[in-house]
Every structure is written in structure tokens, then in C-alpha cells.
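Quick notes on the structure that follows.
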Amino acid sequence: MSKNKNMKKNIGLFGKCIIENGEILTSQQEIDTLVDSVKKTKGNIAEVGMYQGGSAEAMCIEKGDRNFYGFETFEGIPMVENAWRLGAFKSDEEFVRNRLSKYPNVFITKGIFPDNTDLIDNKKFSVVHLDVDTTEGTRDGLNYFKDNNRIVDSNRINGEIFHSLEEDVS
């Protein structure tokens with residue numbers, strides 16, 4: 001038990017995870033699901049919340065010549081929510097662009113989604129990965145893609161769901 005009962009730490013509940021540079025990025029199951037979706041569908045692919053581009057690269061490896069549209073603030077999470085602090089998951093735009101530069105038809109847009117969607121407003125998607133880590137961001141992503149009929153018949157929207165717990169620090 002902690003000396004100070006008010007001291008808490010946030011613990012994320014994940015399954016088997018992908019760890020890059022010492023940070024938990026996403027579960028292997030989620031990556032497998034994304035890659036499987038990309039393999040089984042035809043059409044545009046989108047990811048909202050790219051961080052360091054790990055799941056984007058996994059999808060790009062399998063997409064062939066299809067278009068991949070990635071959206072990232074590169075400034076981190078724009079609000080405090082769940083276990084995240086303001087600016088959590090800030091990433092290096094140049095690193096992500098370089099990481100994905102070897103794949104054809106990759107388009108990366110900086111900014112807060114869906115305020116930065118001019119490039120895709122008239123496009124439809126077969127796979128969408130929402131990984132924005134906030135309720136508002138997830139809702140906005142779902143509204144943009146699903147409610148505005150931007151998903152084709154054989155569609156897949158994958159979303160990261162993060163549950164947080166508070167535990168006494170001992």
C-alpha cells in the first residue's frame with residue numbers, strides 16, 4: 001500500500017501488445033485484424049491517429065497500389081481524457097513520413113480530424129482504423145466515415161478502445 005493514499009497511477013488494459021521504442025502501441029490482435037481486413041477488401045484505406053506509423057506500415061505492406069490516407073496531429077492528444085495527458089503520443093511527422101515513403105499512394109495529413117479532410121471528402125473506404133484515444137475523437141471519426149456513407153459495402157471500421165484503471169502506487 002502506498003504511503004500517500006492519494007497517489008495513483010494509470011494502468012492500461014491491453015491484450016498482447018506491439019512495443020516500439022519501449023512504448024506499448026497497439027495489440028498484436030488489432031494489427032492482425034487490420035492486416036486481415038486490408039487483405040480481404042479492395043478500396044481506400046484510412047487511419048486516424050497514426051502516432052509513429054506502426055499500424056499504418058502494417059496495412060501499407062499489404063495494400064498494394066491502393067490509396068492509404070493517414071491523419072495525425074503530430075502534436076499529441078489535444079485534450080485531457082481517460083488516462084492520457086494533454087499532448088500524450090506527440091510524434092515526429094518527418095519520421096512517420098519517412099517510414100511510409102517506400103509505399104505507393106500514401107497521403108498523410110496533419111491536423112485534428114475531421115477538420116483536415118479536404119483530400120478525402122468525396123472518397124469511400126473499405127478499411128478505417130480509428131486510434132484517437134478520446135471519446136470525442138472516436139465519435140467524430142465514426143460520424144465522418146459511417147454516418148456520411150463513406151464506407152463501402154465490404155467495410156471495416158476498427159477502433160482502439162482503451163480502458164483505464166487507477167491503482168495505488170506502492
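The values are calculated or read from the model by the stated rules, or taken from the named source; none is laboratory data. If you're wondering where the values come from, they're calculated on a predicted model, not measured in any experiment. Positions of Cβ are backbone-derived with ideal geometry, glycine not excepted, and every protein chain shown enters the neighbour counts. These area figures cover heavy atoms from the full protein model, side chains too; ligands, DNA and RNA do not enter into them. Shrake-Rupley method; radii C 1.70, N 1.55, O 1.52, S 1.80 Å.
How about segment 38-72: which of its residues are at pLDDT 95 or above and part of a loop (DSSP other than H, G, I, E, B)?
Within segment 38-72, just ASN67 meets the criteria.
Please state which one of GLY111, GLY49 is in contact (Cβ under 8 Å) with a residue 24 or more places away in the chain and farther than 22 Å from GLU30 by Cβ.
On inspection, the qualifying residue turns out to be GLY111.
Within segment 111-129, track down each residue that is among the hydrophobic types (A, V, I, L, M, F, W, C) and closer than 19 Å to GLU62 by Cβ.
PHE125, VAL127, VAL128
Going through ASN122, ASN149 one at a time, which residue ends up being at positive phi, at pLDDT 80 or above and not in a helix (DSSP H, G or I)?
After ruling out the rest, the residue left standing is ASN149.
Can you pull out every residue in segment 97-118 that is under 22 Å from GLY64 (Cα atoms) and either of a type in the set (Lys, Arg) or surrounded by 13 or more Cβ atoms within 10 Å (Cβ to Cβ) (or both)?
Residues satisfying the conditions are ARG97, ARG99, LEU100, LYS102, TYR103, ASN105, VAL106, PHE107, ILE108, THR109.
Report yes if GLU94 is open to solvent by 20 Å² or more (accessible area, probe 1.4 Å), without any contact (Cβ under 8 Å) to a residue 40 or more places away in the chain and either touching a Cys at 6+ places or on another chain (Cβ under 8 Å) or more than 23 Å from GLU30 (Cβ to Cβ) (or both), otherwise no.
Here the answer is yes, as GLU94 does meet what is asked.
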